[in-house]
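This report concerns only the one structure given below.
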């Protein structure tokens, strides 16, 4: 029993087709329908060209290792800076109110630096 295949059904299949996740039968159906319908052909062409711009840059194992080393060093610096911040806060608080303001300034700098580091690592 074969149902009539409408444009909407084929449009539902297009994302799987473009991602390469569609079965051979589905790929054949979409390609066959695209030959008969110029709108579907334009959608497939646009999707394929867009897919090419989204393809990830190929990283070599050396590049991956450099990225890992850089990330580790950034995290280690952040941990050291945090430990110094805790020690500095304890020392500053022992001096009274003046030290408390010094510690507050230090923590403001710490969090601003942390935001900058997160921007570098995760954006």
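Here are the numbers for the structure shown:
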| item | result |
| --- | --- |
| Conditions (1) under 30 Å from residue 19 (Cα atoms); (2) at pLDDT below 80: number failed by residue 114 | (1) |
| Answer from 59, 76 - the residue that is modelled with pLDDT under 85, under 29 Å from the mean Cα position of the chain (by Cα) and surrounded by 10 or more Cβ atoms within 10 Å (Cβ to Cβ) | 59 |
| Condition check for residue 14: surrounded by 10 or more Cβ atoms within 10 Å (Cβ to Cβ) and modelled with pLDDT of 75 or more | yes |
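The values are calculated or read from the model by the stated rules, or taken from the named source; none is laboratory data. Here the structure is a predicted model, which is why all the values come from computation and not from measurement. Ideal geometry is used to build each Cβ from the backbone, glycine not excepted, and the neighbour counts take in all protein chains shown.
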